[in-house]
Structure formats: C-alpha cells, structure tokens
Amino acid sequence: MTLKQYQKIKLILTVVLAFVFSQAIVLKSFVPPIILLLAVSLLLIMLRRRVTEVIADERDYITGGKSALLAIQIYSWLAVIGMFILYAFRDLNPAYEPVAMTLAYSTCVLMILYSLIFRYYNKVKLTDKKFIYIIFVFILFFVLAIASIRLFSGEDDWICKDGQWIEHGHPDFPSPAVPCK
Amino acid sequence: MTNRIKELRAKYNLTQEELASKVGVRRETIVFLEQGKYNPSLKLAYDIACVLGTKVDDLFSF
C-alpha cells in the first residue's frame, strides 16, 4: 500500500467517525461510536504496517515534539486564564463554574501526562536529582489540586434528593433550573 | 552547516526519492537537508555518507 492510499483511507475514516460521533450525540447513544473508534484505530494500525513508504522520520518526530510542547504551553496558559475569568464571573451564571473546573483539571492532567511521558522517554533513574524534583512537583500539584477541590467546589452546592433541590452548605447561586430527577 | 549531499547525489545519479528510500527518511527531509534547513542525527548523517560513498566529515562542514 502506498502512503497516498493510506492517507486517503485515513481521511475517509475520519469523516465517517465524525459523522457517527455527531449522530451519537444527537441520538444520545454513546456505545457505538466508542466501538467504532476502537475498530477504526485497530484498522489504521493494521493498514499502517502495510505501507511500504516511510510515514514519518526523525525530522517529523523533532517537529512533532516541538509542536506538541508549544501546543501544551499555549493550551495551559489559555485554560488557566479562562478558568480564572470563568470562576470570577460564576455569580453571573452558575454554569461557568463546572467549565472553569474542567479547564483546570484538564490542564493538570495534561501537564502530569506530559511529565510522565517525558520521564519515560528520558529514562530518568530513581536516584536522579531530576526525578526527585519531578516527584516534588507532583506532590505540589496533588496538594494544590486537593486545596482547589476544598476551596472551589463540592462543599456549597445544590443536591438532588427525592425530586427536590436541597442546599448542601451555603451555595451563593440559585438552584439549577433543570428538573430534579 | 553546509553539505555536499546534492553534489554527491548528482554524481551517483540518485534522485532525492531514491536517496530518501535508501536511508529510510521522507523525501522532504532530503530537500531540507540539501537546503541546509535541517541538521540530521548522527545516524542519518552516517547512513547518507555510506550511501554516497564518503565520510561524514567530508559530507558536512561547519
């Protein structure tokens, strides 16, 4: 199989996946797209092995690494700024708070994943000073995450109980407009 | 860093595609190398030098 044929099949499969995902969201059926995603991933891995040409070389990996690092940095900065803005304006709309939290946690997960993968590729020894610094940063992240959970969410909220919204703590926003089921 | 890849490739009558295939990279990488826009790894430099029948320090000059 040539590289062009592989790329064409990949493009077609991506379009099919996008269509199935959009339909799944409309129909609220989430199992078929996950199964299809796994099937497509396996199919692409198999097809990739049959390509006789070079798909990616050292220059692609270097460029990819630089691009990924820059993308992570840009996303992290935007997500942190977005989180603070949304959290600051949560009184205007209670829906801002979960979005802010999602941004914050997704940034944490992304950075932790990056650190772990970086460590794996860098093959840092357990006794290495660098590794001790990484562990320290993880502990710091963990403590900050716990502190943010305590400070920003969960304690003061509306809880759905027996078909009614009941105050948990002292939420400073009205009960959700959606019916409690 | 300059190199003699283009000159030696012409000497051996190799296309960029053929050289890329022999050293296991994409043709674009050879284009970037010839234009001096990419510094190859030591392995790639060695592989290219072997294909072009020369030594790494004769192929690349700083």
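The values are calculated or read from the model by the stated rules, or taken from the named source; none is laboratory data. Here the structure is a predicted model, which is why all the values come from computation and not from measurement. Cβ sites come from the backbone with ideal geometry, for glycine too, and all protein chains shown count toward neighbours.
For this structure, a couple of remarks:
- Selection within segment A:35-74: residues that are of a type in the set (Lys, Arg) and touching a residue at least 40 places away in the same chain (Cβ under 8 Å). The member of this set that is surrounded by the fewest Cβ atoms within 10 Å (Cβ to Cβ) is A:Arg50.
- Answer from B:Lys22, B:Lys43, B:Lys37 - the residue that is in a loop (DSSP other than H, G, I, E, B) and at pLDDT 90 or above: B:Lys37
- Pick from segment A:28-71, criterion assigned to a helix (DSSP H, G or I) and of a type in the set (S, T, N, Q), ranking: nearest to B:Arg26 (Cα to Cα): A:Thr63
- A:Val20, sole failed condition from (1) exposed (fewer than 14 other Cβ atoms within 10 Å of the Cβ); (2) part of a helix (DSSP H, G or I): (1)
- Scanning segment A:23-34 for residues that are within 23 Å of A:Arg48 (Cα to Cα) and either surrounded by 14 or more Cβ atoms within 10 Å (Cβ to Cβ) or modelled with pLDDT under 90 (or both) yields a single hit, A:Pro33.
- Filtered residues of segment B:21-62 (kept if among the hydroxyl-bearing types (Ser, Thr, Tyr) and facing chain A (nearest Cβ under 9 Å)): B:Ser21, B:Thr29, B:Tyr38, B:Ser41
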